[in-house]
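Here's the structure, in structure tokens; my notes come after.
The values are calculated or read from the model by the stated rules, or taken from the named source; none is laboratory data. Since the structure is predicted, the reported quantities are computational estimates derived from the model, not experimental observations. Counting neighbours? That spans all protein chains shown, and the Cβs are built from the backbone with ideal geometry, glycine included. Areas reflect the complete protein model, heavy atoms only, side chains present, ligands, DNA and RNA absent. Shrake-Rupley method; radii C 1.70, N 1.55, O 1.52, S 1.80 Å.
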Amino acid sequence: MAKTLQGRVALITGSTSGIGLAIALRYAQEGARVMLNGFGRPEDIAAARAAVGAAMGGGEAPYSPADMAKPAEIRAMVADCQRDLGGCDILVDNAGVQFVSPVEDFPDDQWDRIIAINLVSNFHAIKAALPAMKAKGWGRIINIASAHGLVASPYKTAYVAAKHGVLGLTKSVALEVARTGVTCNAICPGFVRTPLAEAQVKPLAEKFGVSEEKALTDHLLERQPTKKWVEVEEIAEAAMFLAGPNSGSINGSALSVDGGWIAQ
Ligand code: NAD
């Protein structure tokens, strides 16, 4: 029996780690050819390429070192994917960074960096990938937003602004592509066990003078009712469904995978 994504090509930004890597592995297991992107230590990138390559049936997964803060590199990444893999049917805009500070102290360069990587890169990637999707009459654009695309937290102004922007971008693109066979959706994770989120535990423990375990349940996961991490595989499964054959009528949505966070 053919695998669900057999014959599809997926480009996943920020897929050398965390959520993006989990989505890459899941798509590869389902038959997609996947291009990876992201930063990291050379040995970690090599390990990610080998793991996704093995899931694709052997060899190294293709990889683009494009910096999501640089529009020209984003355009080149999409063009490389289309040239080397014969298309770009599924685009997952996942690369993201975080910085936490009171707004009056928020460094200008951190604001610019977060807006560029977490929001503006999605625009450039979609703009570059969409014409070929439309021409083919099939495409899936999946933007990894956040619960912070729907509700706010203090000290995360740039991140919250960027992720709210991602949901606006998602809805607007969804309306534009509604009759083309392409869909554009967002996934809104709560706190997921990845390097990006785990890095926030220690500073909270120090700030409140509590153990890291208590900092996690009482502070970081304060509004996540399950009081436990979302796992990357759970996000990958949601991304798998949105990329699959039975999701064509889901368009412009923000799918929460957040342990009930925004139900409150
Ligand atoms: P992560 O730190 O594990 O992975 C981030 C990825 O983005 C890495 O591959 C990194 O190399 C890449 N990246 C960073 N800057 C880049 C740049 N300039 N160009 C190209 N790649 C770049 O983080 P994660 O938790 O897996 O986050 C993935 C996405 O999920 C982000 O958009 C994040 O905002 C979102 N998210 C994460 C959580 C969470 O709790 N972990 C919650 C909600 C949303």
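A few notes on this one:
- Accessible area expressed per residue, segment 50-199, with surrounding protein chains retained (probe 1.4 Å, Å²): 42 Å²
- Pairs from LYS3/LYS70; LYS127/LYS228; LYS163/LYS202; LYS171/LYS227; LYS70/LYS163; LYS3/LYS163 whose Cα-Cα separation, in the structure shown, is over 27 Å: LYS3/LYS70; LYS127/LYS228; LYS171/LYS227; LYS3/LYS163
- Segment 14-43 and segment 109-158: distance between their alpha carbon centers, rounded to Å: 17 Å
- Rg/Rh for the chain (Cα atoms only, Rh after Kirkwood) is 0.96.
- The modelled label-to-label distance between LYS228 and ARG113, using points 7 Å beyond Cα along the C-beta direction, is 3.4 nm.
- Net +/- balance of residues flanking GLY181 in space, Cβ distance below 15 Å, scoring K and R +1, D and E -1: +3
- The phi torsions of segment 113-121, fed into the Karplus equation with coefficients 6.51, -1.76 and 1.60 and a -60° offset, translate into couplings of 5, 5, 5, 5, 6, 7, 10, 5, 4 Hz, rounded to whole numbers, with Gly and Pro shown as x.
- For ASN143, the residues whose modelled amide H falls within less than 5 Å of its own, excluding neighbours fewer than 5 places apart on the same chain, are ASP93, ASN185, ALA186, ILE187.
- Taking the accessible area of the chain, probe 1.4 Å, and keeping the other protein chains in place, the carbon and sulfur fraction comes to 56%.
- With 5 Å bins beginning at zero, the pair-distance distribution over Cα atoms of segment 92-169 amounts to 3, 16, 25, 21, 15, 9, 5, 3, 2, 0 %.
- Inter-label distance for GLN200 and SER153, nm, one decimal - labels placed 7 Å from Cα along Cα-to-Cβ: 0.2 nm
- For the chain: relative contact order, % (alpha-carbon pairs under 8 angstrom, 6 or more apart): 19 percent
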